[in-house]
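**Q** My questions all concern the structure below.
The values are calculated or read from the model by the stated rules, or taken from the named source; none is laboratory data. All values reported here derive from a predicted model rather than from experimental measurement. All Cβ positions, glycine included, derive from the backbone under ideal geometry; neighbour counts span all protein chains shown. Areas reflect the complete protein model, heavy atoms only, side chains present, ligands, DNA and RNA absent. Shrake-Rupley method; radii C 1.70, N 1.55, O 1.52, S 1.80 Å.
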Amino acid sequence: MDSHLWAFVLVAALLAVTPGADTLLVVRNVLTRGRPAGLATIAGIAAGCLVHATLSAVGVALVLVRSAEAFAVLKWCGAIYLFALGAQSLGRWLRLDARAPESAREGPADRPRAARRLRSLLEGLLTNVLNPKVGIFYLAFLPQFIAPGDPALARSLLLAGLHIGIGVAWLSALAFGVGRIRPLVESRLWRARLEGASGAVLIGLGVRLAAERR
């Protein structure tokens, strides 16, 4: 690989390990729904990034940069979605906290596996698709690693693929690592704490997204 690609891989790896909404969703879903649900979340995250990367490569994402209205609409959709996810987690926290110990294991883990995985996939997908910062990131970041004379479209897709691949690798390793401690946190008390904490953080991330400017 040329020097531009090596530099990109290094920066992309650093960005991948930086905690954010993706990391939180994967950890929460692995602990509350199981490792397959965590992997489904990662697939949704990758699909959402791919949508933004493709739109960026063909120029459609420029609308987010040039139109304050388009940016605001997508931003608020994303913020409201994070609020909703956070509110759901807080609701589960309150229900778990009020339950009797014998019913402690009831909840998301008792739903059919296919339903848990589909829900996790959609959470990962929508969290990224509804975040305009992802599209702007590709528009602003990738061109710095495209040298004059490079085929812009092919190079953009290559860089986006590397970014997504590195993110998937990191989040998958995280999912497998977190999955090992899941048996230790399946009690009602730990699940309630996890839901409460993740709900608060998701709402905080929604507030931060709502406050974002182009």
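**Q** Just to be sure, is Pro36 of a type outside the set (A, V, I, L, M) and either open to solvent by less than 10 Å² (accessible area, probe 1.4 Å) or closer than 16 Å to Arg180 by Cβ (or both)?
**A** Values: of a type outside the set (A, V, I, L, M): yes; either open to solvent by less than 10 Å² (accessible area, probe 1.4 Å) or closer than 16 Å to Arg180 by Cβ (or both): yes.
The answer is yes for Pro36.
**Q** Just the residues that are in contact (Cβ under 8 Å) with a residue 12 or more places away in the chain and exposed (fewer than 14 other Cβ atoms within 10 Å of the Cβ), please, taken from region 170-179.
**A** Phe176
**Q** Tell me, please, whether a residue that is more than 24 Å from Phe8 (Cα to Cα) and in a helix (DSSP H, G or I) can be found in region 163-175.
**A** Yes, there is a match, as at least one residue in region 163-175 is more than 24 Å from Phe8 (Cα to Cα) and in a helix (DSSP H, G or I).
**Q** Can you name the number of the only condition in (1) within 22 Å of Leu74 (Cβ to Cβ); (2) among the acidic types (Asp, Glu); (3) surrounded by fewer than 20 Cβ atoms within 10 Å (Cβ to Cβ) that Glu123 fails?
**A** (3)
**Q** Of the residues Arg182, Arg188, Arg213, Arg155, which is surrounded by fewer than 21 Cβ atoms within 10 Å (Cβ to Cβ), in contact with a helix residue (DSSP H, G or I) (Cβ under 7 Å, 6 or more places away or on another chain), of a type outside the set (A, V, I, L, M, F, W, C) and farther than 19 Å from Gln88 by Cα? Spell out how you get there, then give the answer.
**A** Working: Arg188 fails: farther than 19 Å from Gln88 by Cα; Arg213 fails: in contact with a helix residue (DSSP H, G or I) (Cβ under 7 Å, 6 or more places away or on another chain); Arg155 fails: in contact with a helix residue (DSSP H, G or I) (Cβ under 7 Å, 6 or more places away or on another chain).
One residue alone meets the criteria, Arg182.
**Q** Residue check: is Ile42 among the aliphatic types (A, V, I, L, M), surrounded by 21 or more Cβ atoms within 10 Å (Cβ to Cβ), under 16 Å from the mean Cα position of the chain (by Cα) and in a helix (DSSP H, G or I)?
**A** For Ile42, the condition - among the aliphatic types (A, V, I, L, M), surrounded by 21 or more Cβ atoms within 10 Å (Cβ to Cβ), under 16 Å from the mean Cα position of the chain (by Cα) and in a helix (DSSP H, G or I) - is met.
**Q** Identify the residue in region 126-163 that is within 26 Å of Cys77 (Cβ to Cβ) and of a type in the set (S, T, N, Q) and, among all such residues, is farthest from the chain's Cα centre (by Cα).
**A** Ser156
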